[in-house]
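Working notes, structure below.
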Amino acid sequence: MDHFLYRDGALCAEDVRLEDIAAQVGTPFYVYSSATLTRHFKLFDDALEGTDHLVCFAMKSNSNQAVIKLLGDLGAGMDVVSGGEYARARAAGVPGERIVFSGIGKTREEMRTALNSGIRQFNVESEPELAALNEVALSLGVTAPITIRVNPDVDAKTHAKIATGKSENKFGIPISRAREVYTHAAGLKGLDVIGIDVHIGSQLTDLAPFEAAYLKVADLTKTLRADGHNIRRLDLGGGLGIPYERSNSAPPLPTEYGALIKRTVGDLGCEIEIEPGRLISGNAGLMVSRVIYVKEGEDRKFLILDAAMNDLIRPAMYDAWHDIDPVIEAAPGAERATYDVVGPVCESGDTFAKGRAMAPLSAGDLVAFRSAGAYGAVMSSEYNSRPLIPEVLVMGDQFAVIRPRPTYEEMINRDTIPAWL
Ligand code: LLP
């Protein structure tokens, strides 16, 4: 459920008409609903009620300062994967003890910064990383709290580019080698081994792979404890999917996911962490764009928008589906038209949808891409020198630009011409 509904035929973000935002900030733009962000965070938090837990928002899905501040103020922790995300979390006021550092390629510099400024734990993904972190911690005279990410060799049954839990993927250490690696880690004086981490992929629409992975983690917890390790925290990753295509999907709910967690690992007495990104931010955001032209092709109509693949890359990159709705509702009974929905970038891959049946549209009309709050703005670029599009946050009847659109001048002035040229 989200807070983008039609009122008197006009699509609104909470109590604000999208047309009004477009008139003020221009198009294209991203718009987020505070109410939806809040609701989705609370769904997870409530689903784990009764367990000692922390919901760490995966900032890679949306790292705008205002979004992080809103979630941080609700008590969310943050899952970060770079020094930049760590800095963003701290700048938005999230304390170090609520920040988890994930990722397979943490640099010593990133480790040093996090150890100096405060960190809940590092999720370590390899033996060379264990060695590096141990060295950095010892050089600072501290101990680094860690979990080790295990790769459970489970098929997440999602898009190949976002599956991470099979043995052929680059993530974690094979679960079959876990005992050996934990024993090695326990001997490193700069590290405090506190738990186990697992993340099998993103946009999972079936609970079975989670169940398989978490049962393996439960077994491993018992084995490692028997080996003498004080396993007290389980980071179960993110990945719960969202309904991108309203007409044909109903992924499991956070309540069902929470029940699964309690059923599989709930009796181990461990603190539980989860790292959802998409389910919190995805349906809390839209991308709004204007039709520039409707072009008659030989055998099809092209809807040419002012947004392009550089603004929302998911369709080009993963063949992802986003529902595209008119901002002004079509008259009841209006015949639908079929379009290829494209952007202005000079690549055929700059296609948002092919043969999409939708309300008939004309040049100047506004459309909204649904489910664009996760992996939308964060994956955008200025390809074709198209300035990054603004982000807007709505709360009730108020809205604010939370990242402005750079002017051409600002965009150009980020480059410098050497004096010798
Ligand atoms: N934790 C770890 C270690 C991750 O790698 C990810 C996502 C998450 C948590 C959050 O997963 P979520 O709950 O958002 O599914 N750009 C792609 C998605 C990449 C996901 C990468 N890792 C897309 O647009 O579909």
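Of all residues assigned to region 173-191, none qualifies as being basic (Lys, Arg) and closer than 30 Å to residue 39 by Cβ.
For residue 251, only one of the following conditions fails: (1) of a type outside the set (D, E, K, R); (2) under 18 Å from the mean Cα position of the chain (by Cα); (3) buried (at least 22 other Cβ atoms within 10 Å of the Cβ). What is its number? Exception for residue 251: condition (3). Screening region 32-88 for residues that are part of a loop (DSSP other than H, G, I, E, B) and among the hydroxyl-bearing types (Ser, Thr, Tyr) and picking the one that is farthest from the ligand (Cβ to nearest atom) gives 51.
Looking only at region 200-233, filter to residues that are open to solvent by less than 60 Å² (accessible area, probe 1.4 Å), among the aliphatic types (A, V, I, L, M) and away from the ligand (no atom under 16 Å from the Cβ); which one of those is nearest to the chain's Cα centre (by Cα)? Only one residue tops the list, namely 208.
Reported count of residues in region 354-380, each being surrounded by 14 or more Cβ atoms within 10 Å (Cβ to Cβ) and away from the ligand (no atom under 16 Å from the Cβ), is 9.
This table checks each residue for (1) of a type in the set (Val, Ile, Thr); (2) buried (at least 22 other Cβ atoms within 10 Å of the Cβ); (3) part of a loop (DSSP other than H, G, I, E, B); (4) within 14 Å of the ligand (Cβ to nearest atom).
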| position | (1), (2), (3), (4) |
| --- | --- |
| 157 | no, no, yes, yes |
| 167 | no, no, yes, no |
| 180 | no, no, no, no |
| 183 | yes, no, no, no |
| 195 | no, yes, no, no |
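For region 126-153, give me each residue that is part of a loop (DSSP other than H, G, I, E, B) and open to solvent by 10 Å² or more (accessible area, probe 1.4 Å).
Start the filter on region 126-153 by keeping residues that are part of a loop (DSSP other than H, G, I, E, B), which leaves 126, 141-143, 152-153.
Hits for region 126-153 are 126, 141, 142, 143, 153.
Scanning region 132-155 for residues that are β-branched (Val, Ile, Thr) and either within 16 Å of the ligand (Cβ to nearest atom) or without any contact (Cβ under 8 Å) to a residue 12 or more places away in the chain (or both) gives 146, 147, 148, 150, 154. For residue 327, the criteria (1) within 16 Å of the ligand (Cβ to nearest atom); (2) open to solvent by less than 10 Å² (accessible area, probe 1.4 Å) hold in every case but one, which is (1).
May I ask you to say which residue of 417, 402 is open to solvent by 30 Å² or more (accessible area, probe 1.4 Å), of a type outside the set (S, T, N, Q) and assigned to a strand (DSSP E or B)?
402
Scan region 6-22 for residues that are more than 16 Å from residue 393 (Cβ to Cβ) and open to solvent by 10 Å² or more (accessible area, probe 1.4 Å) and the total you get is 5.
Among residues of region 45-88 being basic (Lys, Arg) and over 12 Å from the mean Cα position of the chain (by Cα), the one that is surrounded by the most Cβ atoms within 10 Å (Cβ to Cβ) is 88. Counting the residues of region 115-131 that are within 16 Å of the ligand (Cβ to nearest atom) and among the aliphatic types (A, V, I, L, M) gives 2.
Restricting to region 400-418, give me the number of residues that are touching an Asp or Glu at 6+ places or on another chain (Cβ under 8 Å) and hydrophobic (A, V, I, L, M, F, W, C).
Of the residues in region 400-418, 3 are touching an Asp or Glu at 6+ places or on another chain (Cβ under 8 Å) and hydrophobic (A, V, I, L, M, F, W, C).
Candidates in region 259-300 are the residues that are more than 14 Å from the ligand (Cβ to nearest atom) and small (Gly, Ala, Ser); of these, the one that is surrounded by the most Cβ atoms within 10 Å (Cβ to Cβ) is 289.
Every test in (1) outside any helix (DSSP H, G or I); (2) surrounded by fewer than 20 Cβ atoms within 10 Å (Cβ to Cβ); (3) within 16 Å of the ligand (Cβ to nearest atom) is passed by residue 317 save one, and that test is (1).
The values are calculated or read from the model by the stated rules, or taken from the named source; none is laboratory data. It should be emphasised that the depicted structure is a prediction, and the values quoted were computed from it without experimental measurement. Ideal geometry is used to build each Cβ from the backbone, glycine not excepted, and the neighbour counts take in all protein chains shown. Surface areas here come from the heavy atoms of the whole protein model, side chains and all, with no ligands, DNA or RNA. Shrake-Rupley method; radii C 1.70, N 1.55, O 1.52, S 1.80 Å.
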